Amino acid sequence: MVRVATGMGFELELPESYTHLKLEAEKAIDEILSDRPKARRMWELMRYDPEVNADWDMANYIAVAKLKYNDHGEIHAKIVAANALKMLSLLLEHGITTDVMRERAGDEDDAHLIVLAGALLHDIGNQVHREMHNVSGVYLAIPLLNRLLPKIYEEDEIMYEIRGHILHCIYAHEFDVRDLTMEAALVGIADGTDMTKGRGRLAFDKGNVNIHTVSALSIDKVEITRGYEKPIRIQIEMSNSAGVFQIQETLCKKIAGSPLEPYIEVVALAQPEKPPMDERIVHRLIISGKKLEAL
């Protein structure tokens, strides 16, 4: 186990495998934003900001330590940001613009900044409570953005409009809230892509055994690439067919009805093809009252 938070405050121990996921996400973000000066500046400000880091730490404290959910802190935020930016790049390659660009309220750089900030902050409301965390996240993000955005935008009105787009991304990332912008849809769908096996392991090891955690452990790999029939392909490799539940309940609900639905294809593969059987995840279950314990 390694500590992923820095400083003297609360630190949650996470599996060592998460370090690789964090570094991989940071590298992807660095590469995508290399020629986006405003978004790049926001990335540098947020990744080292003590308030942002404290928000990630406390979101994990409530979600993981108290509610026994999977990681909702720094690493999750960065994976979501990386995947959202990958999808944005694929859309732009195909000439598909986002709302802020289509309305001529911003350019590609602004779109990247909105998606980045929305993704990095989308789950900070968990530190208040899991219930209505998207609402809490909006309130927590307002003073933070009021402090950081003036370091990038000189015109107040433009800055506040960009802030509004970011706040919508945070509020609408839940699957039962309708995404009204392309930027928000990118954040919401990217949130659903963070479901590889290591991401479900934490809650499972803490004793939270249910179809959600077992299904999450069935997902070996999630890749975002150019699609064959649509601009974006989300390809998922599973070791167990239980992963279908995770895909259906976590990812597909976020895609359905969103502005991105016409542009995304989802392909799930059961691996390996031989032998023709699923990998066993749970070997023995002990039922105590309403609680399941895996042995």
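Below, the figures for the structure above:
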| quantity | calculated |
| --- | --- |
| Any hit, the stretch 16-32, residues being in contact (Cβ under 8 Å) with a residue 24 or more places away in the chain and assigned to a loop (DSSP other than H, G, I, E, B) | no |
| Single condition residue 109 does not satisfy, out of (1) surrounded by fewer than 24 Cβ atoms within 10 Å (Cβ to Cβ); (2) modelled with pLDDT under 95 | (2) |
| Unique match (being assigned to a helix (DSSP H, G or I), in contact with an Asp or Glu (Cβ under 9 Å, 6 or more places away or on another chain) and in the same structural domain as residue 98 (by TED's automatic domain parsing)) among 149, 144 | 144 |
| Selection from the stretch 226-274 of residues that are among the aliphatic types (A, V, I, L, M), in contact (Cβ under 8 Å) with a residue 12 or more places away in the chain and within 23 Å of residue 173 (Cα to Cα) | 232, 234, 236, 244, 247, 251, 255, 260, 264, 266, 267, 268 |
| Selection from the stretch 67-103 of residues that are polar (S, T, N, Q) and either part of a loop (DSSP other than H, G, I, E, B) or surrounded by fewer than 24 Cβ atoms within 10 Å (Cβ to Cβ) (or both) | 70, 89, 97, 98 |
| Flag for residue 168 being at pLDDT 95 or above and within 17 Å of the chain's Cα centre (by Cα) | yes |
| Out of 263, 228, sole residue that is more than 30 Å from residue 137 (Cβ to Cβ), modelled with pLDDT of 85 or more and of a type in the set (Ser, Thr, Tyr) | 228 |
| Leading residue by the ranking (modelled with the highest pLDDT) among those in the stretch 181-225 that are of a type in the set (A, V, I, L, M) and not in a helix (DSSP H, G or I) | 224 |
| Test: residue in the stretch 92-112 that is farther than 24 Å from residue 36 by Cα and small (Gly, Ala, Ser) | no |
| Any hit, the stretch 38-50, residues being modelled with pLDDT under 95 and assigned to a helix (DSSP H, G or I) | no |
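The values are calculated or read from the model by the stated rules, or taken from the named source; none is laboratory data. The structure presented is a predicted model; accordingly, all values stated were derived computationally and were not measured. A quick note on method: Cβ atoms are made from the backbone with ideal geometry, for glycine too, and the neighbour counts reach across all protein chains shown.
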